[in-house]
Amino acid sequence: MYKVFFKDRLIFLGDKIESLDFEGMVYAWTADESLEGLILQFDAEENRAQIFIAADDVETLFDHFKSCFKYIEAAGGKVYNQQKEILAIYRLGKWDLPKGKVEKGEGILEAAIREVEEECGISGVKIEKELNSTYHTYWMKDKFVLKRTYWYQMIYSGSQQLVPQTEEDIQEVKWLAEDNLQEFKANTYASILTVMNE
């Protein structure tokens, strides 16, 4: 099953058995129809918190769903230091985790490390393990964008001073203790909360 964050609301894509446990609108999709109308309808119905799109073949459904958007891949990290603090960035009025677009010809792991190091002004970050990817949508240049972000748990054992990448609108970078994340969690994106809770 796929979970897509849509303006802090949710679109689930899964099989018909998974849809039986869903509380809310379930739409049964067949391979000969477009989902663009349904996506626009969901966008307009802002009071609807979530929908479930069900199909026999979930991968075919997701491939079609992706085709309704401009599709972008990004990568980033949930980075811990030696004190078990988490690396956080503050950008455009929200707390976030460092991440960014995968460049042409670049590997996902390479992109994840590069983005963390560029956005936070450090070097020597190492990947420990892969976390679940997140999917979210946004509107850009008259087109809906679907972004998959590959997430990795990382470790940083250096002592460099953190430097926000201001050209990416990052105002602040800091280490946050795991027992002091209330402000972060109260002012972040729903998709980032799922990464934080992993």
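Data table
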read-out	value
Using a Förster distance of 30 Å, the FRET efficiency for Asp57-Tyr189 (Cβ separation, nearest 0.05)	0.50
The stretch 32-92: trypsin sites (Lys or Arg not before Pro) in DSSP coil with no more than 11 other Cβ atoms inside 10 Å	Lys84
Separation of alpha-carbon centers, the stretch 71-92 and the stretch 134-198, rounded to whole Å	5 Å
Sparsely packed trypsin sites (Lys or Arg not before Pro) within the stretch 1-47, loop by DSSP, other Cβ within 10 Å at most 14	Lys7
Distance violations [Cα-Cα > 24 Å] among Lys104/Lys147; Lys3/Lys94; Lys7/Lys141; Lys104/Lys143; Lys84/Lys147; Lys66/Lys185	Lys84/Lys147; Lys66/Lys185
For the chain, alpha-carbon Rg and Dmax in angstrom	18.1, 56
Volume per residue of the C-alpha convex hull in the stretch 1-64, rounded to whole Å³	76 Å³
Helical mean residue ellipticity (222 nm; -39500 (n - 2.57) per DSSP H run of 4+; nearest 500) of the chain	-6500 deg cm²/dmol
Packing rank of 173-182, 97-106, where each peptide gets the mean count of other beta carbons within 10 Å, highest leading	97-106, 173-182
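Every number in this text was worked out from the coordinates using simple rules, so none of it is lab data. If you're wondering where the values come from, they're calculated on a predicted model, not measured in any experiment. Backbone-built Cβ (ideal geometry, glycine too); neighbour counts: all protein chains shown.
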